[in-house]
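All remarks here apply to the structure that follows.
The values are calculated or read from the model by the stated rules, or taken from the named source; none is laboratory data. Everything numeric here is computed off the predicted structure, so don't read it as measured data. So basically every Cβ, Gly included, is an ideal-geometry build from the backbone, and we count neighbours across all protein chains shown. For the accessible areas, the whole protein counts, side chains as well, though only heavy atoms, and no ligand, DNA or RNA atoms are used. Shrake-Rupley method; radii C 1.70, N 1.55, O 1.52, S 1.80 Å.
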There are 6 protein chains.
Amino acid sequence: MAAAMIGRFQPFHLGHLELVRQILNENDEIIILIGSSQANYTVKNPFTAGERIWMIRDSLIESKIDMSKVFMINATDDENNARWFSNIRSSTPPFKILYTGNNFVRTLLKKETIIIKKPRLLEENLLKGSVIRKLILENNSKWQDLVSESVKKVFREIAAVERIRSIHQAWMDSPFSEPKKYAE
Amino acid sequence: MAAAMIGRFQPFHLGHLELVRQILNENDEIIILIGSSQANYTVKNPFTAGERIWMIRDSLIESKIDMSKVFMINATDDENNARWFSNIRSSTPPFKILYTGNNFVRTLLKKETIIIKKPRLLEENLLKGSVIRKLILENNSKWQDLVSESVKKVFREIAAVERIRSIHQAWMDSPFSEPKKYAE
Amino acid sequence: MAAAMIGRFQPFHLGHLELVRQILNENDEIIILIGSSQANYTVKNPFTAGERIWMIRDSLIESKIDMSKVFMINATDDENNARWFSNIRSSTPPFKILYTGNNFVRTLLKKETIIIKKPRLLEENLLKGSVIRKLILENNSKWQDLVSESVKKVFREIAAVERIRSIHQAWMDSPFSEPKKYAE
Amino acid sequence: MAAAMIGRFQPFHLGHLELVRQILNENDEIIILIGSSQANYTVKNPFTAGERIWMIRDSLIESKIDMSKVFMINATDDENNARWFSNIRSSTPPFKILYTGNNFVRTLLKKETIIIKKPRLLEENLLKGSVIRKLILENNSKWQDLVSESVKKVFREIAAVERIRSIHQAWMDSPFSEPKKYAE
Amino acid sequence: MAAAMIGRFQPFHLGHLELVRQILNENDEIIILIGSSQANYTVKNPFTAGERIWMIRDSLIESKIDMSKVFMINATDDENNARWFSNIRSSTPPFKILYTGNNFVRTLLKKETIIIKKPRLLEENLLKGSVIRKLILENNSKWQDLVSESVKKVFREIAAVERIRSIHQAWMDSPFSEPKKYAE
Amino acid sequence: MAAAMIGRFQPFHLGHLELVRQILNENDEIIILIGSSQANYTVKNPFTAGERIWMIRDSLIESKIDMSKVFMINATDDENNARWFSNIRSSTPPFKILYTGNNFVRTLLKKETIIIKKPRLLEENLLKGSVIRKLILENNSKWQDLVSESVKKVFREIAAVERIRSIHQAWMDSPFSEPKKYAE
């Protein structure tokens, strides 16, 4: 039986990896949903969906996870949240369990035929994409302890640190909005 | 002759109901436009368009309003505001008057062939969807005085209070954005 | 308990009206879904969603149907048919039964929690929007026997016959596509 | 006062050019609307909006037309035709006259505050984008007499003849649909 | 180095499987792009993107293909074909080679930095999704020789044969359009 | 050879004009991209794309700039920034140089075949659309020194000052969001 997890993976970190392991221990297969897949080069979503899939796949192989049990699937946002899960269903193989600690998702999916399970989390406060992006902006190398070697390798290939900074800089020039491409 | 009013109805409250009465006193028919109909399960738009239509219809019947004089029609947002009214026109029967106290709408519709009338409002500061949602979050039962019995009944059927809280909680975890469905 | 029916209503005809009556005989309330609501001024969809709602409402009142039991709600198309019903759910009050004679809809909704009922139909072959539009194009006045007095009245107010013809003419000039607004 | 014309310009031909001249004789300025601007590399729309603007601009300069009197503006399609003109209004400077021989556009714009004028056309049947594309497919060099030298120059730079043929070929392999990018 | 192939996989058949093998023989990794991923329950696209991924994955495992070398990624259509490849790039890990026999794709990608390679094909005329769907409609069991055991297993789980037939039937009732969900 | 610049032009000001002059000194032609063209009647985007084109054209003519060397083209936003430039390419004639001082754009376009040049800017802090809109809101007439006579003339024709104020007022009533059209 397959189970799913969902994240934006900006970037994929060791907490995500731990959850993948937990799910594969308890289920036959895992469907990893890449949320906000339509967004990239923004403050909250610096990486493209393709780059995130790349980081995830390489991290899982680094961790010796059996890729024949893993699906990675892009999921776009939908302001009509009531139809969001139905959209997910249409783009994935069938699954019966969703791992999420988010009460809002629980509320949203109350009428759907899906079992919600709570993930075991380790060091929840540190292991967040937003924390990692903040450490990078503060030039604090501790972020390197929070991601896999594979993520660090992809970071070098796509100049990820420089990208996070230049997006942030564009945003600082215009603090109330997403990074602007346009001259005022 | 038909006249229109527009709101997001998150939720429909006694101020809205009073405006419906005023419009039906002064016109043959009313078109109630449900704004931001595409959004739901968000902080500012917790209810689906269908749930809002349900609350409105039941409130109007509770108030003995003749439903043969009422249209309820969904209206999506459009960042191209200059074409928004034309979109509304295409989804409603013809109407000649729009009731709104909003100067911006007045500006927006300056070139359109529509008469704008100002609604008489009662207790404007209290009777707002945002006030009702805030009272609910503060556990202040006064919100119950601001909506009809029918709205309270729908609230129980859809667990509306719990929904408003869980959306707010998800938002608090991520204060700069809409409630997030995704693990960071 | 509410039940739903769905059509494009191009235009609303006596077969549709009969189905409304059947549904209200067997259920407390009816939700009339106006399909392809985003399309208008095309060969298959000459009327706007608003004009269709107008025709339906006036026809129902003409037939003394109690409008406090009727919802009329616009439904846009979705190439992702697997999520189409979920979209409908988000824009309507809850309903448990859908009346449709269409096997495809039956297949599409197999996994949804909805009861499908078959409509009793009278003179199925004649009572079709496509037949009515064809009769109009052929200048055959029999179409007038297939719609209510109210529909004929709306037709006069919006010059519907002329519209169907001018759309058809534009289409004939370019037989492989929808009516064209653009010079070749 | 400004007047507008609209076409898909696949490609811009001498008939279009003649209409530009007529409009500038009778008005101060012209707004040239490039229809179906969102489509390209399809059977009916082989050229991008940018390539079409390029052909138009160079043809007008070749004809010594004063470019300070010309606007060229992209216009996307809209299945909601009732709001299409409002969308055009939002993307162009104001204009009072639209030149079109199309009865459908006349019907569509009946409620809008716009004067419709009929273009004088020369050799209407030959001077059509579809005819030019057909001549190219038939290897008939007569198409070269129907467009300006500038269009022929752009054609060479973008390998337009080869493009029209390869799109057609992809379409022939799958006659009921637009050219397919996907293996069956 | 990664290479890509693209198809709609309605359904995934032995010709597709052969191409996967060829690509993995000549490259380190394969990116399988599921085209028209937004469409489902239509005549040309009966299966959802998720069902297609399911068929592909199970077929590859059945063929003992190493899943750590395979990406399967959904790709939506875009009428703006000139930006379609850029959209693909944003949703996949980097790749340098695309396998396609389609001249149109070759034309479309002329300006992109990508190497196009021609697939070796076996029994091209028989091995097509359209042929398989036709055989099913004709009740000809030969289609079973054209797909893997895994595809046949998924077909049984989702009642695929029945689905293809009911979509076709809905389409036959309305031969000029996609299957209709709406009563005329 | 053509070069491009991009701005939102809310409104077009003397800094923009200076950059146009610089680009035309150093290149044969200029492509002026109107960013966020889909947005209007919002706090950050009060003017429609058409009004912005109108201001630009009249300002350039006022400055005796040769309009046969100028393209003005609308560019919509795209949350998928990785495909944004490809979309621009499809809607413009070819260009080889982009003038921008924005490091983020530089990062975004790193893989594209385009030369980025830095504009010479005069009084950068004052010459910004946001500054001009702020001066207008503060009733400070200094904004009139920052735009051309032509812009001031268009401002009078469209009642721009009043519009900026009424949008701001609507926004002040709801400080966390864009101006609202809907009653709460």
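Values computed for the structure shown
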{"read-out": "Restricting region C:89-101 to residues that are more than 8 Å from every other protein chain (Cβ to nearest Cβ) and outside any loop (DSSP other than H, G, I, E, B), the residue that is surrounded by the fewest Cβ atoms within 10 Å (Cβ to Cβ)", "value": "C:Ile97"}
{"read-out": "Candidate set: region B:113-125, residues that are in a loop (DSSP other than H, G, I, E, B) and touching a Leu at 6+ places or on another chain (Cβ under 7 Å); chosen: the one farthest from the other protein chains (Cβ to nearest Cβ)", "value": "B:Ile114"}
{"read-out": "A:Ile132 being within 13 Å of another protein chain (Cβ to nearest Cβ), open to solvent by less than 70 Å² (accessible area, probe 1.4 Å) and touching a Lys or Arg at 6+ places or on another chain (Cβ under 7 Å)", "value": "no"}
{"read-out": "Residue in region E:60-67 that is open to solvent by 30 Å² or more (accessible area, probe 1.4 Å), modelled with pLDDT of 95 or more and under 13 Å from the mean Cα position of the chain (by Cα) present", "value": "no"}
{"read-out": "Test for E:Ala49: is it more than 22 Å from D:Thr42 (Cβ to Cβ), aliphatic (A, V, I, L, M) and in contact with a Phe, Trp or Tyr (Cβ under 6 Å, 6 or more places away or on another chain)", "value": "no"}
{"read-out": "Hits in region A:118-156 - residues which are of a type in the set (Phe, Trp, Tyr) and under 21 Å from E:Thr92 (Cα atoms)", "value": "A:Phe155"}
{"read-out": "Cβ pairs under 8 Å, 6+ apart, first in region E:85-102 and over 17 Å from A:Asn45 (Cβ atoms), second among the polar types (S, T, N, Q) and not in a helix (DSSP H, G or I)", "value": "E:Ile97/E:Asn27"}
{"read-out": "Test: residue in region C:104-112 that is within 15 Å of the chain's Cα centre (by Cα), outside any loop (DSSP other than H, G, I, E, B) and either free of Cβ contacts under 8 Å to residues at least 12 places away in the same chain or over 17 Å from C:Asn25 (Cβ atoms) (or both)", "value": "no"}
{"read-out": "Failed condition for E:Leu121, given (1) open to solvent by 20 Å² or more (accessible area, probe 1.4 Å); (2) within 28 Å of A:Leu33 (Cβ to Cβ)", "value": "(2)"}
{"read-out": "Some residue of region E:81-88 being open to solvent by 10 Å² or more (accessible area, probe 1.4 Å), of a type in the set (Ser, Thr, Tyr), closer than 23 Å to A:Lys64 by Cβ and more than 14 Å from the chain's Cα centre (by Cα)", "value": "no"}
{"read-out": "Every pair of residues 6+ apart whose Cβ atoms lie under 7 Å, when the first sits in region A:20-39 and is over 30 Å from F:Trp84 (Cβ atoms) while the second is surrounded by 21 or more Cβ atoms within 10 Å (Cβ to Cβ) and not hydrophobic (A, V, I, L, M, F, W, C)", "value": "A:Ile23/A:Tyr99"}
{"read-out": "Residue match in region D:102-112 (condition: of a type in the set (Asp, Glu) and more than 10 Å from chain B (Cβ to nearest Cβ))", "value": "no"}
{"read-out": "Matching strands (runs of 3 or more DSSP E) fully within region D:1-79 where at least 1 residues are within 14 Å of chain E (Cβ to nearest Cβ)", "value": "D:29-34, D:70-74"}
{"read-out": "Residue in region D:21-44 that is over 17 Å from the mean Cα position of the chain (by Cα) and of a type in the set (A, V, I, L, M, F, W, C) present", "value": "yes"}
{"read-out": "Count - residues of region D:68-80 that are surrounded by 18 or more Cβ atoms within 10 Å (Cβ to Cβ) and of a type in the set (Gly, Ala, Ser)", "value": "1"}
{"read-out": "Only one of D:Asp66, D:Asp58 that is charged (D, E, K, R) and under 22 Å from D:Lys96 (Cβ atoms)", "value": "D:Asp66"}
{"read-out": "Matching residues in region D:149-165 - criterion: being farther than 20 Å from E:Phe104 by Cβ and either buried (at least 22 other Cβ atoms within 10 Å of the Cβ) or within 11 Å of chain E (Cβ to nearest Cβ) (or both)", "value": "D:Val151, D:Val154"}
{"read-out": "Of the criteria (1) modelled with pLDDT of 95 or more; (2) more than 14 Å from chain C (Cβ to nearest Cβ); (3) assigned to a helix (DSSP H, G or I), which one A:Trp84 fails", "value": "(2)"}
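To keep it simple, each residue is scored yes or no on (1) of a type in the set (A, V, I, L, M); (2) modelled with pLDDT of 95 or more.
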site	(1), (2)
F:Glu124	no, no
F:Lys134	no, yes
F:Phe155	no, yes
F:Gln169	no, no
F:Ala183	yes, no
